[in-house]
Structure formats: structure tokens, C-alpha cells
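Everything on this sheet refers to the single structure shown next.
The values are calculated or read from the model by the stated rules, or taken from the named source; none is laboratory data. What you are looking at is a predicted structure, and each value in this text was computed from that prediction instead of being measured. Note that each Cβ is placed from the backbone with ideal geometry, even for glycine, and that neighbours are counted across all protein chains shown. Surface accessibility is based on the protein's heavy atoms, side chains included, excluding ligands, DNA and RNA. Shrake-Rupley method; radii C 1.70, N 1.55, O 1.52, S 1.80 Å.
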Amino acid sequence: MTESVIQLRCDCNQYPWGRVGKHSLAARLAANIPGGGFKLDEDTNYAEMWMGTYPELPSYVLKTGENLQDVLNANKEKLIGKKVLDKFGSDLPFLPKILSIQKALPLQIHPNKELSEKLHKEDPEKYSDPNHKPEIAVALSDFEAFCGFKPKTDIQGLLELEPLQQFNPDKSRWSDNTLREVCRSMLTASEDTVASTLKKLGDTSRGTLGEQAYILDLIPRLINQYGASDNGNLVALILMNFLTFKPGESIWIPADGIHAYLSGDIVECMARSNNVINTGFCPAADRDNVDMFCGALTFQQHDAKKPLLPRVESEKSSSGKTQALKPPMSEFNMLVTELKTGESDQIKAVEGPSVAFMTSGKGKMKAEGKEHDISAGYIYYIGCGVEVSYESSSDDFALYRAYAE
Ligand SMILES: [Zn+2]
């Protein structure tokens, strides 16, 4: 009989923005998975470890080597449960990842459901899913990201500077659509224009930039990463919020929200989809059509500088040491359990599928009368309706568990 608690083997992809060798947390965690399937190479960039059933980088049952999705398909009622089967079918509706970011990810948005359906129909090879992909990110280290658009007054102030006036539209008719046009003109500017604008902007005094003087520190960093003529430099620095997060802080990126992560180790979790429209911070050949990108953008400006996703009490935790992240979408929530040596927590049954993974520390997990070792890098699928308890034997026990119900 198939057990409901299944230890997994997961792998990392090797995008060039990933951290190198053992500097990549994603790679270190993958190398900790017992069985030795993952060989950490010191010269390879390791960007993301994926823990789910997405076909591009699926997870396998550690003991048998079976593809996890095949096991789920053969045991739908038991492992996924009727409620989630009715809602999402038998594919896992979420995909958790560990990201280790050395340099900026492409400037991107994930199209909403409507556009995803259309793109998938027109070009299924490139847009592999008809689904949207809102995502959350939890900082495991200091984490820097460009997210969403700055408040309008901040953008307008910058566009009055001499080097940026060429992108400045008629202020009396400013609307969301104006921002779309400013974004489009920055993304279609010639390489020479981008480079000379950045150069002149870099010569602006700190006093003139005021609260946005951080731009001066970021210009050389970004030029170092993708060169002076990358259009993403202008959009990120002038139009987008630059946010820094401490370990443990989380954000939520809605479908259509513009973002580019810049550095750090994070837990990411998203609705099941791999659709992305890229532009900027990537080779020109990888850039998607600027019109499509601008057309799909949501122009919500953030007044709050940090779109934090708060941790809230979870009704599933008996000791209160497990908290929940509940982004405003139906595909998943995430439980976060942090324990010191000797502490424990008992978690009520989840009425759907879940994937639990340790990012640091060690201890034991009990479920269905069995005891399992857990340690940084260990990943378990936990089936529907199973109560589990955790006990820590270190002070840095951190366990994340994405679930749907
Ligand atoms: Zn993204």
C-alpha cells in the first residue's frame, strides 16, 4: 500500500543568474538530500530547486525513483483528496522552489488567466500553461528585489531630471496609460540612448535625487550585470520600487505584477504555471515582444513601499509555533514552523496535498505511527488528511510546507 508520507528527490536548474557551487543555497540543500543523487559542482550556477510535479523539473520518490506525479495519479483520492481533485484536478496546483540569486532575474511578468489562455492557444510550446502564476517569496537571507511601480509622484519627480525628460509625457494628462507609454518608451529606446541616459543619471548629485539616491549605488551594479545598454536598467531604476527584505519577511506578487529579483536566497511558491513574459536583464533574443509586455502590465502603484505578506496564526498548529502565509489566491497557502532545540508542534490534518521541506536545522517528524528523520534539504510529500508532529533537535529548525485544500 502506498504511504501518505513520501520522501522526495528534487533537482536544481542552472540558469546563469544562479549562485555558483556551494554559494548556492539551492544546491547545498539539494546536495543534502540523502542518497547522493545530486553532485554539487563548484563551477556551476545553481539557480532554482523545484519541489513539485511540473514536468520540466519533476520530483521523484526517493525510495523507488518513481515520478511523483505518476504516484499521485495512481492514488488520487488518498494522496490528493476529493476536495482538491474537484477544484484543481490531479496535477499539484502549486510549485515551491528555493532560489539562490547572484544577479538580476529577467524583468518579468506572469500573464493573468485570460492572457495565459490566449498565449497558450497561439504558442503552446513557449507558453506551456493556460494558467496564471501569482507567486510569493520568503527571504531566507537579505533579499533585494524590484517589485511593482513606484508612487506616481516619485516617478514624475525623476522624469523632470534633464537626462530623463525625453521620456516625460504631458503631466496634465497623467493616467495609468501614461505609465504604460513611459514604460514602453524606455523599453524601446536604442542601446545608445539607454547607455548615455544612465551615464548622465549617474552624474546627478545625491542631494538632487533625495530619497531616491540609492539609484546611484545601483547603476554600477546593474551595468556590471547586464551592461550599460540593457533597457531593463531604466525601467527598474526609474519606474519600479527597489525593496530590501530581512530573513523571514515575505512578499506576494499578483498575476501581471512587474518584478525582477536582484539578490539573495528565497523560498518561492507559485500557482502551477511556467508562463513568463521577459524583457530586460536578459539577452535581446530572449526578450518577449515589448507591446505584449506593456499590454499585460497591471499599473497598480504601491504607496506602501513594502508589499509585505504577513505571517498569521495558523489554526492547524497546536503550540502556535507554526504560522501561515495566506496569499489572496486559492491555489496554495504555506505553513512555516520554526523551533528551538527540544521544542515541538503538532499540525492538524491538511485536507489536500502538501509538500514540506527543511531549509535549516534538524529533528524528527511523526506521521501515521512512523518516525522520519528531517534535516536541511529533506523534502516530503504529505498526503491528504494526515496529522503530523515535528520535534526539533537544533535551534535553527525551519520547515516550510506548501499546501492546498
Ligand atoms: Zn516571477
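Quick notes on this one:
Conditions (1) outside the structural domain of G227 (by TED's automatic domain parsing); (2) under 19 Å from the mean Cα position of the chain (by Cα), marked per residue:
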{"position": "L62", "(1), (2)": "yes, no"}
{"position": "N67", "(1), (2)": "yes, no"}
{"position": "N73", "(1), (2)": "yes, no"}
{"position": "I80", "(1), (2)": "yes, no"}
{"position": "L95", "(1), (2)": "yes, yes"}
{"position": "H120", "(1), (2)": "no, no"}
{"position": "K126", "(1), (2)": "no, no"}
{"position": "H132", "(1), (2)": "no, yes"}
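- Evaluation of G81 against (1) touching a strand residue (DSSP E or B) at 6+ places or on another chain (Cβ under 9 Å); (2) in contact (Cβ under 8 Å) with a residue 60 or more places away in the chain; (3) of a type in the set (G, A, S); (4) at positive phi (one fails), failing number: (1)
- Tabulated pairs, the stretch 255-278, first under 20 Å from K118 (Cα atoms) and in the same structural domain as I238 (by TED's automatic domain parsing), second among the β-branched types (V, I, T) and near the ligand (Cβ under 10 Å from one of its atoms), C-beta under 6 angstrom, 6+ apart or interchain: D256/I109; I258/I109; I277/I109
- Within the stretch 188-206, not a single residue is in contact with a Gly (Cβ under 7 Å, 6 or more places away or on another chain), farther than 19 Å from L308 by Cβ and of a type in the set (D, E, K, R).
- Whichever residue in the stretch 349-371 is over 27 Å from the mean Cα position of the chain (by Cα) and surrounded by fewer than 17 Cβ atoms within 10 Å (Cβ to Cβ) and, among such residues, is nearest to N75 (Cα to Cα): E368
- Just one of the listed residues (L92, L140) is open to solvent by less than 70 Å² (accessible area, probe 1.4 Å), of a type in the set (A, V, I, L, M, F, W, C) and out of contact with any strand residue (DSSP E or B) (no Cβ under 6 Å at 6 or more places or on another chain), namely L92.
- One residue from Y54, Y46, Y60 being among the aromatic types (F, W, Y) and open to solvent by 40 Å² or more (accessible area, probe 1.4 Å): Y60
- Residue check, S172 over 30 Å from R401 (Cα atoms), in the same structural domain as A255 (by TED's automatic domain parsing) and either modelled with pLDDT under 85 or more than 16 Å from the ligand (Cβ to nearest atom) (or both): yes
Rundown of residues vs (1) in contact with a helix residue (DSSP H, G or I) (Cβ under 6 Å, 6 or more places away or on another chain); (2) closer than 21 Å to Y214 by Cα; (3) part of a helix (DSSP H, G or I); (4) not hydroxyl-bearing (S, T, Y), yes/no style:
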position: E77; (1), (2), (3), (4): no, no, yes, yes
position: D86; (1), (2), (3), (4): no, no, yes, yes
position: S116; (1), (2), (3), (4): no, no, yes, no
position: S128; (1), (2), (3), (4): no, no, no, no
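- Filtered residue count, the stretch 236-252, keeping only those that are open to solvent by less than 10 Å² (accessible area, probe 1.4 Å) and either within 15 Å of the ligand (Cβ to nearest atom) or among the polar types (S, T, N, Q) (or both): 6
- Here D217, D256 are screened, and the one residue that is more than 30 Å from E338 (Cβ to Cβ) and within 15 Å of the ligand (Cβ to nearest atom) is D256.
- Residue in the stretch 268-282 that is acidic (D, E), closer than 23 Å to L105 by Cα and away from the ligand (no atom under 14 Å from the Cβ) present: no
- Test: residue in the stretch 66-78 that is out of contact with any Ser or Thr (no Cβ under 8 Å at 6 or more places or on another chain) and either surrounded by 15 or more Cβ atoms within 10 Å (Cβ to Cβ) or of a type in the set (V, I, T) (or both): no
- If you filter the stretch 244-300 down to residues that are among the small types (G, A, S) and part of a loop (DSSP other than H, G, I, E, B), you find that the one that is modelled with the highest pLDDT is G248.
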